[in-house]
Amino acid sequence: MPLLADKTKRLPITISKRPSEKQEDTMDELFIQTLTIAGSDSGGGAGIQADLKTFQMRGVFGTSVLTAVTAQNTLGVSAVHPIPTDMIAAQIAAIQEDFQIRAYKIGMLGTAEIIECVAEQTAECGFGKRVLDPVMIAKGGAPLLENSAVEAMKRLLLPHTDVLTPNLPEAQALTGINIENRQDAERAAKILQDWGVKNVVIKGGHLADSQSEYCTDWLFTPYETIELNSKRFPTPHTHGTGCTFSACITAELAKGFSVSEAVQTAKNYIAAAISHPLGIGAGHGPVNHWAYRDE
C-alpha cells in the first residue's frame, strides 16, 4: 500500500566491535549489493542520486559508477561533462574487485565511446541481471544521448540486457515504430527482443499527449504480455521517474524476485512517488522517493 513516510525517531548511536568472520559472512548474505552506472544530477532528482535513494528505500546497498557530471536543476540541463573512459573503466574495476553485485542498471551514457567502454568493462564482471534505461532525452527536452551513440547501444548493450525500460519517445526512437496503442507497443517490443533484449517494459505515460486518465505500461516477456495501469496524477513534479523506476526493478531483481514481480513493485513505487510530490523547484521537480511502503 503506497503511504507517505512517517517521521522517524532519532535513536542513540552506539559503536560496536568489529564483526567476527562468521558475522561478516552473515552480513554478506543480508546486505544485497547493487550497482548503478549513470550520470550525476546536481539537482538530486534523477541519475545516480535517484538510483541510490531508490536502492536505499528498497533495502539494498547501492554502489555507483559515474559516466557524466551534469549541471541541472528543475528548470533544465545547462552543462554536461562526460567522464573520461579510463576513469569509468577504473570505477567498474574497483566495484568488481570488492563487491558482490547481484543486479545492476545502466542509465545515462551519452556517447558511443562511453557505451563501448561500459559494454567492454561489464562483459565479464558477473554483475548479475542487467537493467538498461536508455536515457536519451531529459525531462526538460535536452538531448542526453548523441545520435551516433544509438547504433552503439543497439549493437553492444541491447543483446545482453535482461530488462529494457524505454519510455514512449525512446521506444519510438530506437525502433522507428510510432506507438499509439498496445499493438504498436508489441511490435516495437518484438523488434527490441529480436535484437537480443530478454524483457521489455514500454512506459506509456506519454500516450494521448500525457492526458489520459490512466498511465499504462506494458511488460513484454518471452512468454507473456502484462499490462500495468495506475491513475494519472496531475503534477509537474516528475523529474527522475525513469531512473527511479529502473532502479527499483534492479533492486527487486537483486533480491531474487522475478521480472514480472520486480516490474509490478516498481510500478507501485513510482506511482506513490509521483502522487505524493515534494513540490521542490520552479520547474519539473523530483518525485518523492520516501512515499512508498510495502504492505
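Please list, by residue number, everything in the stretch 85-121 whose backbone N is under 19 Å from a paramagnetic label point 7 Å out along Cα→Cβ of Tyr223. In the stretch 85-121, the label zone of Tyr223 (backbone N under 19 Å from the point 7 Å along Cα→Cβ) covers no residue.
Are there GluC sites (Glu not before Pro) in the stretch 197-267 that DSSP puts in a loop and that have at most 16 other Cβ atoms within 10 Å, and which ones?
Glu213, Glu224
For the stretch 33-275, the residue among Leu66, Ala254, Ile37 whose Cα projects farthest onto the positive side of the dipole built from Cβ charges is Ala254. Basic side chains Lys and Arg get +1 at the Cβ, acidic Asp and Glu get -1 at the Cβ, and with that the dipole of the stretch 33-275 about its Cα centre reaches some 560 debye. Taking chymotrypsin sites (Phe, Trp or Tyr not before Pro) across the stretch 214-295, the ones in a DSSP loop with at most 11 further Cβ atoms lying within 10 angstrom of their Cβ are Tyr223. For the residues Lys231, Lys129, a 1.4 Å probe over the protein chains yields an accessible-area ranking, largest first, of Lys231, Lys129. Normalised Debye scattering of the stretch 33-275 at q = 0.10, 0.15 Å⁻¹ gives log10 I(q)/I(0) of -0.41, -1.00, counting only Cα atoms as equal scatterers and leaving out solvent. Here are some pairs, Lys154/Lys203; Lys53/Lys255; Lys190/Lys255; Lys53/Lys105; Lys105/Lys198; which of them have Cα atoms lying more than 21 Å apart in this structure? Table pairs above 21 Å Cα-Cα are Lys190/Lys255.
The values are calculated or read from the model by the stated rules, or taken from the named source; none is laboratory data. Predicted model only: the values in this text are computed from it and were never measured. With ideal geometry, Cβ positions are generated from the backbone for all residues, glycine too; neighbour counts draw on all protein chains shown. Heavy atoms of the whole protein, side chains included, go into the accessibility calculation; ligands, DNA and RNA do not. Shrake-Rupley method; radii C 1.70, N 1.55, O 1.52, S 1.80 Å.
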